[in-house]
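The values are calculated or read from the model by the stated rules, or taken from the named source; none is laboratory data. Worth saying up front: this structure is predicted, and the values here are computed from it rather than measured. Here the Cβ is made from the backbone with ideal geometry for all residues, glycine too, and neighbour counts use every protein chain on show. Areas reflect the complete protein model, heavy atoms only, side chains present, ligands, DNA and RNA absent. Shrake-Rupley method; radii C 1.70, N 1.55, O 1.52, S 1.80 Å.
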Amino acid sequence: MGTHEAAVKQISRTVRAFYNQRETFRIFHGSSNSTRPPHKEKTIDISALSNIIQVSRESCSALVEPNVPMDKLIATTLRYGLIPPVVMEFPGITVGGGYNGSAGESSSFKHGYFNETVRSVEMVLGNGDVVTASKDEHPDLFWGAAGALGTLGITTLLELQLIPAKRFVHTFYQRTSSVGETIDILKKETNNGENDYVDAIMFSDTFGVVITGKQTDDLPDGIKPQTFSGAWDPWYYLHVKNRALSTEDSKPSSDYVPLPEYLFRWDRGGFWVGNNVFDYFGLIPFNSVSRWFLDDFMHTRMLYRALHSSNESFGFMVQDLSLPYSTAESFIRYTSTELNIWPLWLCPLREVKEPTFHPSTTLPGPDNSPKPMLNIGLWGSASKDLSTFVRQNRDLEQTLHELGGRKVLYAHTYYTKDEFWKLYDRKWYDDLRNKYWAGSLPTVYDKIKVDYRKHAQDSSWRTWLKSCWPIPGLLGIIAAIRSKDYMLHRNAPWKDL
């Protein structure tokens, strides 16, 4: 803790200097899982806050600095027989990113967003003060900062709740024949108390798979565990598809997946977004041999690094959109007609109270209480024409609003300022910013808005050259190779657990 306290004191002094000089700043974490274009402003570097301070079996908790990635956290807590109740699906997503964003996974139907498993947070406020926030101490800051993208203060330490971990996840694959059937079964499975994990994939409007999982220590004789992290292993979504297609009767097929392999099952290929790499270059077939040969580039750390360096986020629809169960099917019909993007990821989420920046329903129920929602992962190619791409996003946002849904705010966002603040409680947020001296930090809207006009107006020859296929993709690959993320997946300690 001595090293941690010294680092926090230095951050506090720097923040106080910015505050006294009335200068604005942003926070540099060292990595990002956002798809928004980068900003070039004054920053405070907190990337060194990447240590696990303590894990306790007795209290089932961990003290963790914000830049600890999921794979490092899991490799440590599993040695104590523990894991967080909600583990973000990509190994490089950090603890702080999970708290400050809207991080949910297939256990979120039971445990909620990642921040709902956090017991307390140490923060440096915008005036340099250091405070601890929890359910009992500064509860308005504790709940308000969750999902507020680091705009209410700098998170420097988190106390995480942990739960007992078992060796395997017994995973079941249930095939469905329509969007409506898939949603109905998903909702039913979230009410099954035996399930630890629930999500689904829609491969088309007539072919879906509902996936449920139960932790277990038992591996039946003669059963070989299924893994997904090796270069010759199948990508998870392709395996799910094949398992569902191979089922000859109504009984779901199943696998025994080692727990860490299940938690990071989406890493290779980034769900199915890595498929776009093959489509982009066009000359490389998409098969098991090419996936093996290019495996080092197909893990999410490398995919994110390449995306950020290539500046190719325009033209790809990478959105997580949460809706009430009652309107989710209508929304999928809309995306099928207008964008024709498949597969889709469906992830049930526990209800969350407003005010919040987490997705929450705007459609009142009979008792006007918060309702569970269904997250839809919409990831695929859209128009390469910038004006058409912007229109597609604007139409998507409008349709989402009409159907009572909300976006997860890591992605491209095209709301005007007035439109954005009609969706969220600005008075609640401004009151928090004033109370906790956050005026030197950007607002949530400042962070999420995409200045596509600036992108369109950049007509320099360097920009033109960098936009010519396949130069952006090659630049992204070169930057990824040079980064510290290269080959991290090969050294991932959780694979040996």
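Below are the figures for this structure:
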| quantity | calculated |
| --- | --- |
| Residue in segment 101-115 that is under 21 Å from Arg268 (Cβ atoms), hydroxyl-bearing (Ser, Thr, Tyr) and either surrounded by fewer than 24 Cβ atoms within 10 Å (Cβ to Cβ) or modelled with pLDDT of 95 or more (or both) present | yes |
| Qualifying positions in segment 207-224 - open to solvent by 40 Å² or more (accessible area, probe 1.4 Å), within 25 Å of Phe109 (Cβ to Cβ) and either in a loop (DSSP other than H, G, I, E, B) or touching a helix residue (DSSP H, G or I) at 6+ places or on another chain (Cβ under 7 Å) (or both) | Asp217, Asp218 |
| Which listed residue is acidic (Asp, Glu), assigned to a helix (DSSP H, G or I), at pLDDT below 95 and closer than 26 Å to Gly126 by Cβ, from Asp418, Asp446 | Asp446 |
| Residues of segment 209-237 that turn out to be under 15 Å from Thr171 (Cα atoms) and either under 28 Å from the mean Cα position of the chain (by Cα) or touching a residue at least 40 places away in the same chain (Cβ under 8 Å) (or both), as a count | 17 |
| Some residue of segment 41-48 being in a loop (DSSP other than H, G, I, E, B), modelled with pLDDT of 95 or more, surrounded by fewer than 18 Cβ atoms within 10 Å (Cβ to Cβ) and of a type in the set (A, V, I, L, M, F, W, C) | no |
| Qualifying residue in segment 256-267 (condition: surrounded by fewer than 18 Cβ atoms within 10 Å (Cβ to Cβ), out of contact with any helix residue (DSSP H, G or I) (no Cβ under 6 Å at 6 or more places or on another chain) and not β-branched (Val, Ile, Thr)) | no |
| Which listed residue is modelled with pLDDT under 95 and at negative phi, from Lys241, Lys224, Lys251 | Lys251 |
| Failed condition for Asp279, given (1) part of a helix (DSSP H, G or I); (2) out of contact with any strand residue (DSSP E or B) (no Cβ under 6 Å at 6 or more places or on another chain); (3) under 29 Å from Leu78 (Cβ atoms) | (3) |
| Within segment 246-275, tally of residues that are within 12 Å of Tyr173 (Cβ to Cβ) and either touching a residue at least 60 places away in the same chain (Cβ under 8 Å) or assigned to a strand (DSSP E or B) (or both) | 6 |
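One line per residue, one yes/no per condition, for (1) under 21 Å from Thr156 (Cα atoms); (2) in contact (Cβ under 8 Å) with a residue 40 or more places away in the chain:
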site	(1), (2)
Glu65	yes, yes
Pro69	yes, no
Leu78	no, yes
Met88	yes, no
Asn100	yes, yes
Ala103	yes, no
Ser107	no, yes
